[in-house]
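Contents: one structure, followed by commentary.
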Amino acid sequence: MAQIVQRPAATPTTHCTPDQYDALYQQSLDDPDGFWLEQAKRLDWFDQPTKGAEWSFAPPDIKWFSDGTLNLCHNAVDRHLGTHGDTTALIFEPDSPDAPGRSLTYSELYGEVVRVANALKAMGAGKGDRVTLYMPMVLEGVFAMLACARIGAIHSVVFGGFSPESLAGRIEACDSKFIITADEGLRGSKRVPLKANIDAALDQLDAPVTGVLVFKHTGADITMTEGRDHWFTDLASDDDCPCEVVNAEDPLFILYTSGSTGKPKGVVHTTGGYGLWAATTFHYTFDYQPGEVFWCSADIGWVTGHTYVTYGPLINAGTSLVFEGVPNYPDHGRFWDVIDKHQVNIFYTAPTAIRALMREGDEYVTSRDLSSLRLLGTVGEPINPEAWRWYHNVVGKGASPIVDTWWQTETGGHMITTLPYAHDMKPGSAGKPFFGIRPQLVDNDGNELSGAAEGNLCITDSWPGQARTVYGDHDRFHEAYFSTYPGKYFTGDGCRRDEDGYYWITGRVDDVINVSGHRMGTAEVESALVLHPKVSEAAVVGFPHDIKGQGIYCYVTLNAGEEQSDELQAELRQWVRKEIGPIATPDMLHFTEGLPKTRSGKIMRRILRKIAENDYGSLGDTSTLADPSLVDSLIEGRQNT
Ligand code: WTA
């Protein structure tokens, strides 16, 4: 029986008490339209919606608030000017603690966003155009997202750690004619050559990118292509720039994410439903109170940064901290220094960061004043109870509740999480469904499992923040999420529900691995490996990693006549880094003479996973392998890797 950690007592300002959760959750299931049309009042609409949900999962066709019009930049900025003009909207903490930071009010944010929006317009960008953002974790990244929303353009943020190859693929896939970037980024004192990567990516593309807007950040010497590349300051203006009126179902952004097959999918989120989901989940999950400083440590290149650095906090007129750096530079106390310096009240980070910092000892934490903290959160992967307890006891001094928020790029925002003053916590469990969410566990044949059970996690009914399609490929959206268990949204995650109705995510059940909280399709790493001229075949699986959660384990066979060597191993690691980006760097590279295949030629990944996990006792039936003797040599190879 899992130990229960009691929730703190509700206060008069608490957004959701246990009774309120029960009542609101029930209401959200009984009358979704009534519930969400009421919640929709959190947003300012130009035309208030009268329609709630119109959806089917077979095939997927999803709309929410389809007769409503609005603008999310207006909701995140303009509408606050009268009431919160002097409230701090954003705080910037740079990579180096010695560099100047910045904080700006909603009035100042308005000015910045208008300048970027005018620069975008000067390049010819407008409603419906895709704009690729390849930015460091600086305030200008947030301005750029909001500027796109302001003019009705669709942003596609590509994480600054992706390679020129990955970037090129993402620019091409959404046919983006406009790019916003900076000369360089900084991470732990290392420079990231963003503009040079853009140049390298654009060299590979046939389709023309007509405008690249460049922010000066480090002042590095970069190449500017006449007519195409523009310094932000040359195009910025303070001219009037009204918010474009868009329909609730007009796309707000595309975000590429890994799936179990092929290339990353461009997940599309629309304006009304996503905006409302960001606003509502931020309000309830973090119990955000006016004046509090909220810090989500995710990069805006990931969905967590979209929803909980930019849209959630700003739509709620909150104060959001943007941190450019990394947890271990200049030392392992950097996160705690930032909390101390900016009096952060709510801190939201990933289990991988918690584990890495826990390993460095308590001294880094206890030497800082963290008394401002009221609430802690985690996201991205299951948190092991040991790391949970350290976070709770050492960082939160046993007083701050932890919200372990389960969700996905495709869900837009939180789906399963305890609410801090409504639910007791169980370390390692995400907790209870958010309003409107009907989780269902099914066995491999799609049969519903009731009560306490373990199975594949599906969601049976639509919710406003749900992705609507895969950009340019609605069939793929259907295939990836609604075909495994027809009529249900399949998350790709395994999950257990306990006797109290708490959900425990057990990890991905497809060929996606979760490396330091980042989703990685094993197929992508395999494709990168086989591009190398010496590689014949590759199979990639995850294996348990103390800090990263999962590491990347690659089995590689070489072309005839090629020699296995340490040099080649290092070269292949470097190769994958270059093809995809540093986050995809293989942790283990295992040369083998062959891969275990069935007689029909299908790779038996189950066996490869077990061997990578060093778990040889339960390999299961290997007699169907074309060459059963291969297993012994794979095990031997594992021990030498
Ligand atoms: C995993 C990140 C356990 C899960 C927001 C999911 C989690 C994938 C949790 C989505 C959590 C996310 N507990 N697992 N609290 N949060 N995951 O799209 O496997 O980058 O399917 O979205 O991360 O990753 P994504």
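Residues being open to solvent by less than 30 Å² (accessible area, probe 1.4 Å) and either over 21 Å from residue 159 (Cα atoms) or under 25 Å from the mean Cα position of the chain (by Cα) (or both): count how many of those fall in the stretch 216-235.
0
Scan the stretch 17-26 for residues that are open to solvent by 70 Å² or more (accessible area, probe 1.4 Å) and in contact (Cβ under 8 Å) with a residue 24 or more places away in the chain and report the count.
Count: 1.
Taking residue 491 as the residue in question, decide whether it is modelled with pLDDT of 95 or more and open to solvent by 20 Å² or more (accessible area, probe 1.4 Å).
No.
Read through the list (1) over 35 Å from the mean Cα position of the chain (by Cα); (2) at pLDDT 90 or above, then give the number of the only condition that residue 609 fails.
Status for residue 609: all satisfied but (1).
With the requirement that a residue be on the phi > 0 side of the Ramachandran plot and open to solvent by less than 30 Å² (accessible area, probe 1.4 Å), what does the stretch 494-517 give you?
Selection gives 501, 507, 517.
How do the pairs read when you match residues in the stretch 398-423 that are within 25 Å of residue 476 (Cβ to Cβ) and open to solvent by 10 Å² or more (accessible area, probe 1.4 Å) with residues anywhere that are within 8 Å of the ligand (Cβ to nearest atom) and assigned to a loop (DSSP other than H, G, I, E, B), using Cβ under 7 Å and keeping only pairs 6 or more apart or on different chains?
Pairs found: 406/417; 406/430.
Would you say residue 364 is in contact with a Cys (Cβ under 9 Å, 6 or more places away or on another chain) and outside the structural domain of residue 546 (by the TED database)?
no
Output the number of residues of the stretch 353-384 satisfying the condition of being within 12 Å of the ligand (Cβ to nearest atom), open to solvent by 20 Å² or more (accessible area, probe 1.4 Å) and either of a type in the set (S, T, N, Q) or over 22 Å from the mean Cα position of the chain (by Cα) (or both).
1
Go through 541, 556 for me and flag whichever is at pLDDT 95 or above and touching a Lys or Arg at 6+ places or on another chain (Cβ under 8 Å).
541
Which one of the conditions (1) buried (at least 24 other Cβ atoms within 10 Å of the Cβ); (2) closer than 24 Å to residue 326 by Cβ does residue 213 fail to meet, given that it meets all the rest?
(2)
Which condition from (1) of a type in the set (A, V, I, L, M); (2) open to solvent by less than 10 Å² (accessible area, probe 1.4 Å); (3) away from the ligand (no atom under 15 Å from the Cβ) is the one that residue 387 breaks?
(3)
Quick check, is residue 601 open to solvent by 30 Å² or more (accessible area, probe 1.4 Å), farther than 21 Å from residue 264 by Cα and not charged (D, E, K, R)?
Against the criterion (open to solvent by 30 Å² or more (accessible area, probe 1.4 Å), farther than 21 Å from residue 264 by Cα and not charged (D, E, K, R)), residue 601 qualifies.
I need the full set of residues from the stretch 143-201 which are farther than 23 Å from residue 108 by Cβ and of a type in the set (Phe, Trp, Tyr), in order please.
The answer is 159, 162, 178.
Does any residue of the stretch 124-139 turn out to be closer than 23 Å to residue 218 by Cα, open to solvent by less than 20 Å² (accessible area, probe 1.4 Å), among the hydroxyl-bearing types (Ser, Thr, Tyr) and in contact with a Gly (Cβ under 7 Å, 6 or more places away or on another chain)?
Checking the stretch 124-139: at least one residue is closer than 23 Å to residue 218 by Cα, open to solvent by less than 20 Å² (accessible area, probe 1.4 Å), among the hydroxyl-bearing types (Ser, Thr, Tyr) and in contact with a Gly (Cβ under 7 Å, 6 or more places away or on another chain).
Quick test for you: out of 452, 467, 430, 422, pick the one residue that is closer than 24 Å to residue 5 by Cβ and touching a helix residue (DSSP H, G or I) at 6+ places or on another chain (Cβ under 7 Å).
Testing whether each residue is closer than 24 Å to residue 5 by Cβ and touching a helix residue (DSSP H, G or I) at 6+ places or on another chain (Cβ under 7 Å) leaves just 422.
Among the residues of the stretch 305-332, count how many are surrounded by fewer than 24 Cβ atoms within 10 Å (Cβ to Cβ) and within 16 Å of the ligand (Cβ to nearest atom).
Qualifying residue count, the stretch 305-332: 1.
So which residues in the stretch 391-418 are away from the ligand (no atom under 14 Å from the Cβ), in a loop (DSSP other than H, G, I, E, B) and of a type in the set (A, V, I, L, M, F, W, C), if there are any at all?
Selection gives 399 alone.
On the given criteria, is residue 335 surrounded by 23 or more Cβ atoms within 10 Å (Cβ to Cβ), farther than 22 Å from residue 257 by Cα and within 16 Å of the ligand (Cβ to nearest atom)?
No; evaluated as a whole, the condition is false for this residue.
Confirm whether residue 150 is out of contact with any Gly (no Cβ under 9 Å at 6 or more places or on another chain) and crowded, with 21+ Cβ neighbours inside 10 Å.
Answer is yes for this residue.
Kindly provide the set of residues from the stretch 523-543 that are touching a residue at least 60 places away in the same chain (Cβ under 8 Å) and open to solvent by less than 10 Å² (accessible area, probe 1.4 Å), ordered by number.
Listed by number, the residues that qualify are 525, 539, 541, 542.
Only one of 178, 159 is at pLDDT 95 or above and either more than 22 Å from the chain's Cα centre (by Cα) or surrounded by fewer than 20 Cβ atoms within 10 Å (Cβ to Cβ) (or both). Can you tell me which?
Exactly one residue qualifies, and that residue is 178.
Within the stretch 569-590, how many residues turn out to be open to solvent by 10 Å² or more (accessible area, probe 1.4 Å) and either of a type outside the set (A, V, I, L, M) or free of Cβ contacts under 8 Å to residues at least 60 places away in the same chain (or both)?
Result for the stretch 569-590: 13.
Taking the condition near the ligand (Cβ under 9 Å from one of its atoms) and touching a residue at least 40 places away in the same chain (Cβ under 8 Å), does residue 547 pass?
no
Answer with yes or no whether residue 108 is over 15 Å from residue 309 (Cα atoms) and either open to solvent by 20 Å² or more (accessible area, probe 1.4 Å) or not assigned by the TED database to the domain that holds residue 246 (or both).
The answer is yes for residue 108.
Just one of (1) open to solvent by 70 Å² or more (accessible area, probe 1.4 Å); (2) closer than 23 Å to residue 417 by Cα trips up residue 63, so point out which.
(2)
Would it be correct to say that residue 57 is open to solvent by less than 50 Å² (accessible area, probe 1.4 Å), on the phi > 0 side of the Ramachandran plot and modelled with pLDDT of 95 or more?
no
Being closer than 14 Å to residue 495 by Cβ and either surrounded by fewer than 15 Cβ atoms within 10 Å (Cβ to Cβ) or hydroxyl-bearing (Ser, Thr, Tyr) (or both) is the filter here, so list the residues in the stretch 437-448 that pass it.
443, 444, 448 - these are the residues of the stretch 437-448 that are closer than 14 Å to residue 495 by Cβ and either surrounded by fewer than 15 Cβ atoms within 10 Å (Cβ to Cβ) or hydroxyl-bearing (Ser, Thr, Tyr) (or both).
Which numbered condition trips up residue 253, out of (1) in contact with a strand residue (DSSP E or B) (Cβ under 6 Å, 6 or more places away or on another chain); (2) within 24 Å of residue 66 (Cβ to Cβ); (3) open to solvent by 10 Å² or more (accessible area, probe 1.4 Å)?
Tallying (1) in contact with a strand residue (DSSP E or B) (Cβ under 6 Å, 6 or more places away or on another chain); (2) within 24 Å of residue 66 (Cβ to Cβ); (3) open to solvent by 10 Å² or more (accessible area, probe 1.4 Å), residue 253 fails exactly one: (3).
The values are calculated or read from the model by the stated rules, or taken from the named source; none is laboratory data. As the structure is a computational prediction, the values presented were derived from the model and not from experiment. Every residue, glycine among them, receives a Cβ derived from its backbone with ideal geometry; neighbour counts consider all protein chains shown. Remember, those area values only see protein heavy atoms, side chains included, never the ligands or the DNA or RNA. Shrake-Rupley method; radii C 1.70, N 1.55, O 1.52, S 1.80 Å.
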